[in-house]
Amino acid sequence: MAVNFAVNYLAVIVAAIAAVVIGIVYYGLAGLGDRLARLMGSTPVGRPGPAQLVIGVVVALVNAWVLALLSLNLGAASITDGIMLGVVAWLGFMATLSGAQVAFQGRPWNAWLITNVHDVVIQVVMAAIVTLWR
């Protein structure tokens, strides 16, 4: 199987920035980070430190790059293709794995819901960006 790695790296960077901004709004400004921390039995920490921000950016870049690879190699070309790619990537990887973690670690399902609403939104946004901007 040949994989084409010729993705638009500017689109990958823009998609990653979009994911970080969505995370800041969702977990920070909307207060869902504090609610998630309380659900998990920990004390809300407020703003993330520099190390957390760097990790968030790196994770978003890798995630956007993988979505760009999938989009390119699957032949996605439209906004509908990007949305479907984001939903399928979320469902196949994030929703299922985190669902198993919640079940086996005894964490609250509300925590799963808070996390996965964020995750499906960023997957769809990033997949749409890297699909439309090739």
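Data table
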| quantity | calculated |
| --- | --- |
| Of residues in the range 30-44 being more than 24 Å from Val62 (Cβ to Cβ) and touching a residue at least 24 places away in the same chain (Cβ under 8 Å), the one surrounded by the most Cβ atoms within 10 Å (Cβ to Cβ) | Leu39 |
| Any hit, the range 12-29, residues being small (Gly, Ala, Ser) and surrounded by fewer than 16 Cβ atoms within 10 Å (Cβ to Cβ) | yes |
| Pick from the range 92-112, criterion of a type in the set (A, V, I, L, M, F, W, C) and touching a residue at least 12 places away in the same chain (Cβ under 8 Å), ranking: farthest from Val130 (Cα to Cα) | Ala111 |
| Members of the range 94-134 found to be of a type in the set (Phe, Trp, Tyr) and within 21 Å of Phe5 (Cα to Cα), listed by number | Trp133 |
| Among (1) assigned to a helix (DSSP H, G or I); (2) modelled with pLDDT of 95 or more, the one test that Val7 misses | (1) |
| Residue selected from the range 96-134 under the condition over 17 Å from Ala64 (Cα atoms) and among the aliphatic types (A, V, I, L, M), by the criterion farthest from the chain's Cα centre (by Cα) | Ala103 |
| Residue in the range 69-90 that is aromatic (Phe, Trp, Tyr), outside any loop (DSSP other than H, G, I, E, B) and in contact with a His (Cβ under 6 Å, 6 or more places away or on another chain) present | no |
| Hits in the range 28-46 - residues which are over 21 Å from the mean Cα position of the chain (by Cα) and of a type in the set (Lys, Arg) | Arg38 |
| Residue list for the range 45-61, restricted to those being more than 23 Å from Val102 (Cβ to Cβ) and either surrounded by 11 or more Cβ atoms within 10 Å (Cβ to Cβ) or in contact (Cβ under 8 Å) with a residue 60 or more places away in the chain (or both) | Leu53, Val54, Val57, Val58, Leu61 |
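The values are calculated or read from the model by the stated rules, or taken from the named source; none is laboratory data. What you are looking at is a predicted structure, and each value in this text was computed from that prediction instead of being measured. When we count neighbours, we look across all protein chains shown, and the Cβ atoms used for this are built from the backbone with ideal geometry, even at glycine.
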